[in-house]
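Notes to accompany the following structure.
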Amino acid sequence: MSKLYIGVDIGGTSIVAARFSASKLIKRAEVPTGSDRPAMEIMESLFEAIEKVMTKEVVGIGIGMPGFMNAETGEILQINNIKSFNGFSIKPVVEKRFNLPTFQSNDANCFALGETYYGAGKKYKNLVGITLGTGLGGGIILDRKIHTGLMGGAGELGCIPFHGGIVEDICSAALFKNKYYTTGIELYKKAKKGDQESLAVFDELAQNIGELIRSVMYILAPEAFVIGGSVSNSWDLLEKPLRKEVDKFLVPMISNKTDLVRAELDNAGLYGAAALCISQMN
């Protein structure tokens, strides 16, 4: 009988749980988070979501969510949108309730792992996932497992010092808002009509991201970078200038073989939560 896995994506608005095989999503359920409630009340909603997709074939549960956390213990070290989870350990509570191995990581790591097992990163063993939204998140995959680092702190690419600030200041939608006082959607509409100033902003964003990628390449030399998040919806404007910037890498035999690919999955973090089980149990 095939092994099945449950992936859970905990957000500030909703908790989504889904049952997966090693190749596809089978069944999905969603409940409100009620993020202003005490931690154990939120956990009851989490249990409800899991029970909606649980079957006897399930062999493990994976949980992805925002914030800094100790992946081994499940303790949430810092989270902004679910205050009562600060200092709370989710993993052991879920393990006790369902008597199943449970794994936990942050949503950017789960994004990268989800794309590795179910999406654009299937053919790679080593990759870096980058999510571009209001900020920038990262996940490092080595030998098809998340590299968590000390206390789960690895992969926080958005926090790297960069151009007098940090990476996410100018490598995410924050560039549109803080420097140009507009949104990516508005700029994209203008750029698609041929507005040169708007096109130049996307070139600037791509150059900044490309510079970040080159820095990561010197440290990790991954096979690929998988780019997702809302800003990646402008991939048609970003891909060529991004590739041009990455190709400035000083070792062409490496950069020529480094793929830049757009993420494929809708809610890759949910898939990645299930993939936590696969990567740890198989």
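Near the amide H of Asp259, within less than 5 Å, lie the amide hydrogens of Ala224, Phe225, all on another chain or at least 5 residues away, with H placed in the peptide plane.
Just so you know, the Cα atoms of the chain work out to an Rg and Dmax of 19.1, 58 Å.
Here the spin labels are modelled as points 7 Å beyond Cα on the Cα-Cβ line, and at Leu150 and Thr13 they lie 3.8 nm apart. Here the Karplus relation 6.51 cos²θ - 1.76 cosθ + 1.60, evaluated at θ = phi - 60°, turns the backbone of segment 248-261 into coupling constants of 7, 3, 6, 10, x, 5, 8, 5, 5, 9, 8, 7, 10, 10 Hz, with x for every Gly and Pro.
Viscosity 0.692 mPa s, temperature 37 °C: what is the translational diffusion coefficient of segment 124-262 from Stokes-Einstein with a Kirkwood Rh over Cα pairs, rounded to a whole number of µm²/s?
Value of D from the Cα-based Kirkwood radius: 215 µm²/s.
Karplus-derived 3J(HN,Hα) values for segment 75-89, using 6.51 cos²θ - 1.76 cosθ + 1.60 with θ = phi - 60°, are 6, 7, 7, 7, 8, 9, 9, 9, 4, 5, 7, 4, x, 8, 9 Hz; glycine and proline are entered as x. Taking amide H as placed 1.01 Å from N in the peptide plane, Ile26 has its amide H under 5 Å from the amide H of Arg19, Phe20, Ser21, each at least 5 places away in sequence or on another chain. Arranged from fewest to most other beta-carbon atoms within 10 Å of their beta carbon, Val8, Val53 become Val53, Val8.
Of Cys110, Cys159, Cys171, the residue with the greatest mean-square motion in the GNM of the chain, using alpha carbon springs below 10 Å, is Cys159. Relative to the Cα centre, the charge distribution of the chain, modelled as +1 at Lys and Arg Cβ and -1 at Asp and Glu Cβ, gives a dipole magnitude of about 660 debye. Checking the Cα-Cα distances for Lys193/Lys240; Lys83/Lys179; Lys3/Lys145 against a 22 Å cut-off, the pairs over it are Lys83/Lys179. Along the axis of the charge dipole computed for the chain (Cβ charges of +1 for Lys and Arg, -1 for Asp and Glu, origin at the Cα centre), the listed residues Thr55, Ala29, Val216 are led at the positive end by Thr55. Amide H contacts for Met69 (H built 1.01 Å from N in the peptide plane; partners 5 or more residues away or on another chain; cut-off under 5 Å): Leu77.
Report the gain in length on full extension from Glu264 to Leu77: 0.36 nm times residue separation, minus Cα-Cα distance, nm rounded to one decimal. It would help to have the intermediate numbers written out before the result.
On the way: separation 187, 0.36 × 187 = 67.32 nm, distance 3.02 nm.
Result for the pair: 64.3 nm of gain on full extension.
Bear in mind these aren't lab numbers, they're just calculated from the coordinates by the rules spelled out. Note that the structure is a prediction, hence the values are computed from the model and not measured. No Cβ is skipped: glycine too gets one built from the backbone with ideal geometry, and neighbour counts run over all protein chains shown.
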